[in-house]
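Chemist: Before we start, here is the structure in question, set down as structure tokens.
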Amino acid sequence: MILSIIIPTRLGIPQQLLDSLSNQSHKPDEIIEVIGSALTVQRNEGIKAATGDIILFLDDDIILKEFYLN
């Protein structure tokens, strides 16, 4: 299965979030950054761009714990 992660953001994806994604035992197949200010529009744009069977939305202000994507 293909895992697509969509991250709506206004300023870009913080390095701490990217680091926490790269430290996962199951790495996402694609990370889609959607910059804008209307969350619903950003999510819909991300869905259109995603190629995955599984789509996960993440806020841009979180840090994933180890094994979150297992």
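The values are calculated or read from the model by the stated rules, or taken from the named source; none is laboratory data. Because the structure is a prediction, the values reported are computed rather than measured. FYI the Cβ positions are ideal-geometry reconstructions off the backbone, even for glycines, and counts take in every protein chain you see.
Chemist: Among the listed residues Ile13, Ile5, which satisfies the condition of being touching a residue at least 40 places away in the same chain (Cβ under 8 Å) and in contact with a Leu (Cβ under 7 Å, 6 or more places away or on another chain)?
Modeler: Answer to the check: Ile5.
Chemist: Can you tell me which residue in the stretch 19-33 is farthest from Tyr68 (Cα to Cα), limited to those that are over 9 Å from the mean Cα position of the chain (by Cα) and not polar (S, T, N, Q)?
Modeler: Asp29
Chemist: Another one. Checking the condition touching a Gly at 6+ places or on another chain (Cβ under 8 Å) and not aliphatic (A, V, I, L, M), which residue from Gln42, Gln24, Gln16 passes?
Modeler: Exactly one of Gln42, Gln24, Gln16 is touching a Gly at 6+ places or on another chain (Cβ under 8 Å) and not aliphatic (A, V, I, L, M), namely Gln42.
Chemist: Shifting gears a bit: Can you name the number of the only condition in (1) surrounded by fewer than 15 Cβ atoms within 10 Å (Cβ to Cβ); (2) over 12 Å from the mean Cα position of the chain (by Cα); (3) at pLDDT 95 or above that Asp59 fails?
Modeler: (2)
Chemist: Sticking with this structure for a sec: Return the residue satisfying two criteria in turn: it lies in the stretch 1-44 and is of a type in the set (S, T, N, Q) and part of a helix (DSSP H, G or I), and of such residues it is surrounded by the most Cβ atoms within 10 Å (Cβ to Cβ).
Modeler: In this case the residue turns out to be Gln42.
Chemist: For residues that are within 17 Å of Leu3 (Cβ to Cβ) and of a type outside the set (Lys, Arg), tally how many sit in the stretch 36-58.
Modeler: Counting residues in the stretch 36-58 that are within 17 Å of Leu3 (Cβ to Cβ) and of a type outside the set (Lys, Arg) gives 12.
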